[in-house]
Amino acid sequence: MKLLWNKYAKRKADFRQKGEEMYLLSVLAVFVLFLLYCIWVVGFQFHFLFWFVDLPALTVVLISPVPFLMLSGLWGDFVRAFRLAGKRKEAESLMELKRAKEAIKLAKNTVLGFAAFLAFVQGLLALHLFDDFHSLGYLLVPIALSMVYGMAAVLVLQPLQAALELRILELEEGSVKNN
């Protein structure tokens, strides 16, 4: 029985290493596919990358979860979640994994909430500044970019949450087998 458990633990460690590499490869693949799609639509003119840059909105969306995580006491757990999900650090307890999962969940909800709030405020400003149809596109771009930034952040955090949930299940299963 001990031999089977050791074999299972070795296979699980190999899978963790491959899982970390696959996560990075999947993020890179999504970025490359997005880039190829944009090249296909626009051509080989790389000025289109500046169409996706709105630094004020990007800053607000990415910084928005920090005060909420600090107020809830989950900031340290949020930082630790990246090491736990990446399997660089073994969890000391089940509670540590659950707190890290809650921190990721709070960050996802906060980012989406702030992105929607920012898009709504920008929409109100766009309606206020709207004077002719020629300026409509320039007024709508920041609204869409705010939501794109929020959804992109959630797409980055979603696999981390799933990895933490799997680690929680593994730890719970391991504790059941030991009892």
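The values are calculated or read from the model by the stated rules, or taken from the named source; none is laboratory data. Computed from a predicted model, the values in this text were never measured in an experiment. Neighbour counts are summed over all protein chains in view; Cβ atoms, including those assigned to glycine, are modelled from backbone coordinates with ideal geometry. SASA here: full protein model, heavy atoms, side chains in, ligands and nucleic acids out. Shrake-Rupley method; radii C 1.70, N 1.55, O 1.52, S 1.80 Å.
Structure data summary
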{"quantity": "Restricting segment 148-162 to residues that are of a type in the set (A, V, I, L, M, F, W, C) and open to solvent by less than 60 Å² (accessible area, probe 1.4 Å), the residue that is nearest to Phe31 (Cα to Cα)", "calculated": "Ala152"}
{"quantity": "Residues of segment 59-78 satisfying the condition of being within 14 Å of the chain's Cα centre (by Cα), among the β-branched types (Val, Ile, Thr) and open to solvent by 60 Å² or more (accessible area, probe 1.4 Å)", "calculated": "Ile63"}
{"quantity": "Hits in segment 80-103 - residues which are within 29 Å of Val121 (Cβ to Cβ) and surrounded by fewer than 20 Cβ atoms within 10 Å (Cβ to Cβ)", "calculated": "Glu102"}
{"quantity": "Inter-residue pairs, beta-carbon under 8 Å, first free of Cβ contacts under 8 Å to residues at least 40 places away in the same chain and within 13 Å of Gln161 (Cα to Cα) and in segment 65-89, second assigned to a helix (DSSP H, G or I) and open to solvent by 60 Å² or more (accessible area, probe 1.4 Å), 6+ apart", "calculated": "Asp77/Arg99; Asp77/Glu102"}
{"quantity": "Selection from segment 109-138 of residues that are surrounded by fewer than 20 Cβ atoms within 10 Å (Cβ to Cβ) and touching a Gly at 6+ places or on another chain (Cβ under 9 Å)", "calculated": "Leu112, Gly113, Ala116"}
{"quantity": "Boolean, Leu106 is open to solvent by 30 Å² or more (accessible area, probe 1.4 Å), out of contact with any helix residue (DSSP H, G or I) (no Cβ under 6 Å at 6 or more places or on another chain) and closer than 16 Å to Ala153 by Cα", "calculated": "yes"}
{"quantity": "Residue in segment 6-22 that is at pLDDT 60 or above, hydrophobic (A, V, I, L, M, F, W, C), assigned to a helix (DSSP H, G or I) and surrounded by 11 or more Cβ atoms within 10 Å (Cβ to Cβ) present", "calculated": "yes"}
{"quantity": "Only one of Leu145, Leu166, Leu125, Leu136 that is in contact with a helix residue (DSSP H, G or I) (Cβ under 7 Å, 6 or more places away or on another chain) and part of a helix (DSSP H, G or I)", "calculated": "Leu145"}
{"quantity": "Of the criteria (1) without any contact (Cβ under 8 Å) to a residue 60 or more places away in the chain; (2) surrounded by 13 or more Cβ atoms within 10 Å (Cβ to Cβ); (3) under 17 Å from Ala152 (Cα atoms), which one Asp54 fails", "calculated": "(1)"}
